[in-house]
Amino acid sequence: MRLSRTTERFVTAEARRTKRSKGAIVEALAEEAARMRRFPGIAFRGEDAGRRAWVVGAGLDVWEVMEMLQDHGSADRLVRQTRLDARAVELARAYYASYPEEIDEAIAENRRPLAELRELYPFVGVTRVRPRG
């Protein structure tokens with residue numbers, strides 16, 4: 001595969017920085033580009049290994065929207081009770097339908113019990129949020 005000079009330099013630098021092969025870099029870039037074309041309104045953010053899909057305009061990762069959807073019980077209720085619009089919820093649902101393992105893993109990680117987190121990270125504290133008013 002031939003790449004433009006600029007793209008070749010970028011791929012080489014990314015391979016060096018992440019200690020991965022150039023082929024792995026090109027594959028990861030192509031995978032993200034394909035997903036963004038399949039799901040207009042989805043983009044990716046985060047560091048290399050932790051890149052995650054998010055809903056442009058909503059400011060939330062797909063897993064966050066899906067977790068909220070689970071908690072609210074229905075898309076209608078979620079839209080009524082939050083600032084999310086129906087399009088953002090439907091986009092997250094569509095992405096989830098194609099990549100459920102990725103999203104379920106992120107939700108499970110977020111829902112780990114506090115006792116388990118304290119065991120893994122004994123020096124991490126919990127901050128209580130005071131209600132406004």
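When you check residue 83 against the structure, is it part of a loop (DSSP other than H, G, I, E, B) and over 18 Å from residue 38 (Cβ atoms), yes or no? Steps first, answer last, please.
Details: part of a loop (DSSP other than H, G, I, E, B): yes; over 18 Å from residue 38 (Cβ atoms): yes.
Answer is yes for this residue.
Considering only residues that are in a helix (DSSP H, G or I), basic (Lys, Arg) and open to solvent by 60 Å² or more (accessible area, probe 1.4 Å), look in segment 1-37 and name the one that is nearest to residue 56 (Cα to Cα). Within segment 1-37, the match that is nearest to residue 56 (Cα to Cα) is 37.
Report yes if some residue within segment 18-40 is on the phi > 0 side of the Ramachandran plot and over 14 Å from the mean Cα position of the chain (by Cα); otherwise report no. Talk me through it step by step, then tell me what you get.
Of the residues in segment 18-40, the ones on the phi > 0 side of the Ramachandran plot are 19.
Adding the requirement that they be over 14 Å from the mean Cα position of the chain (by Cα) leaves 19.
Among the residues of segment 18-40, at least one is on the phi > 0 side of the Ramachandran plot and over 14 Å from the mean Cα position of the chain (by Cα), which makes the answer yes.
Here's a check for you: in segment 88-133, which residue that is more than 30 Å from residue 43 (Cβ to Cβ) and in a helix (DSSP H, G or I) is most open to solvent (accessible area, probe 1.4 Å)? The residue in question is 119. Assess whether residue 8 counts as being in contact (Cβ under 8 Å) with a residue 12 or more places away in the chain and in contact with a Lys or Arg (Cβ under 9 Å, 6 or more places away or on another chain). Judged against the criteria, residue 8 is not a match.
In this structure, residue 61 does not qualify as open to solvent by 60 Å² or more (accessible area, probe 1.4 Å) and under 30 Å from residue 18 (Cα atoms). Checking 45, 52 one by one, the residue that is under 12 Å from the mean Cα position of the chain (by Cα), without any contact (Cβ under 8 Å) to a residue 24 or more places away in the chain and under 30 Å from residue 11 (Cβ atoms) is 45 and no other. Only one of these is modelled with pLDDT of 95 or more and either acidic (Asp, Glu) or touching a strand residue (DSSP E or B) at 6+ places or on another chain (Cβ under 6 Å) (or both): 97, 58, 86, 92. Name it. Only one candidate passes the filter, namely 92.
The values are calculated or read from the model by the stated rules, or taken from the named source; none is laboratory data. Owing to the predicted nature of the structure, the values given are computational and were not obtained by experimental measurement. We place every Cβ from the backbone using ideal geometry, glycine too, and count neighbours over all the protein chains shown. Accessible surface is based on the protein model in full, side chains and every heavy atom, while ligands, DNA and RNA are left aside. Shrake-Rupley method; radii C 1.70, N 1.55, O 1.52, S 1.80 Å.
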